[in-house]
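Please treat every number below as a calculation from the coordinates, not as lab data. Owing to the predicted nature of the structure, the values given are computational and were not obtained by experimental measurement. Here the Cβ is made from the backbone with ideal geometry for all residues, glycine too, and neighbour counts use every protein chain on show.
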Amino acid sequence: MTVHSPSVGFAVDDRACAVVDRAYNHSYTIPDMRTVARKEMRGSPHSPLLLALRRGLRRVAQSEKAKPMQAYMKSNMPYLGVPTPEANRVFNSVFAPLEFADSKSWRRAILSLWRHARFREERYGAIALARQRRFAAYQTIDALPMYEEMIVTGAWWDFVDTIAAHGIGSLLRTDRPRMRRAMLQWSRSPDIWKRRTSILCQLTFKKDTDLKLLYACIEPSMDSTEFFLRKAIGWALRQYAWTNPDEVRRFVQENVTRLSPLSRREALKNI
């Protein structure tokens, strides 16, 4: 299926993620996402949507910023040098005319951008398309394999944290029973970014936080020496402390010998 956007005169080639749609099943046992992505990269890297996005980003790029941005992010993927405010304006402009026939077309457009991106800002664009409010109805459990691929192949905090809080978080709100099971599986994954996602997916939930789920997702990583897991634990607890500081204080005290100093410090920072 191809999504046409008459007002900007291009069509979105959405063939790229058919394998992910086939891979989805209710037990969430899907192929290794790195393998899936490598196979699908055989598709065209020249989709009209990606080219329109690249042209828009190039127009506002500040080339002198590209290398420092890449160095700060410790990224193998280069930057164009587009500051966040300008990038967001480009995303909104390029995506505004888009219409999708269905959720599959939306997912395929996102994954086409993600898989064929040459610059990091283009992957930020894929995440921005996933976050467009007018496509909120597409944030269903069917999007989980898409987000899983982006998390596993992105494998760094700038991608993962936004997807965790806003993508996976949205799915959890719409389908708590199945997403709860998925996050419990992810919390024990050998992939640290899936673990981090399971811990951070309720960052925006406040009083709606499922504490049992949060603590269950923290538990398998509590003794880990991995910085990104320790930081995630502290961050998730700190966010919930704005809602219930006494409960966070209690949890930290109860687990004082298991939580790392970093996790404890972050959790109690605002109490």
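Annotations for the structure displayed:
- Excluding same-chain neighbours fewer than eight residues apart, the lysines reachable from K65 by a Cα-Cα span under 16 Å are K74.
- Computed from backbone phi with θ = phi - 60° and the Karplus coefficients 6.51, -1.76 and 1.60, the 3J(HN,Hα) list for region 111-125 is 5, 5, 4, 4, 6, 9, 4, 9, 10, 4, 4, 5, 6, 4, x Hz; x is used for glycine and proline.
- Descending principal axes extents, region 155-271, alpha-carbon based, whole Å: 32, 29, 23
- Whole-number percent relative contact order across region 155-271, with pairs defined as alpha carbons under 8 Å at least 6 apart: 23
- Cα gyration tensor shape for region 50-112, rounded if a/c is under 1.5, else prolate or oblate: prolate
- Sorted by Cβ density within 10 Å, fewest first, the residues L214, L200: L214, L200
- Alpha carbon Rg of region 208-254, scaled by the compact-globule rule 2.2 N^0.38 Å: 1.09
- Diffusion coefficient of region 173-223 by Stokes-Einstein, Kirkwood radius over Cα pairs, 25 °C, 0.890 mPa s: 226 µm²/s.
- The distance between label points at K65 and E99 comes to 3.4 nm (points 7 Å beyond Cα on the Cα→Cβ vector).
- A cut-off under 15 angstrom between Cβ atoms defines the neighbours of L259, and their net charge, with Lys, Arg +1 and Asp, Glu -1, is +3.
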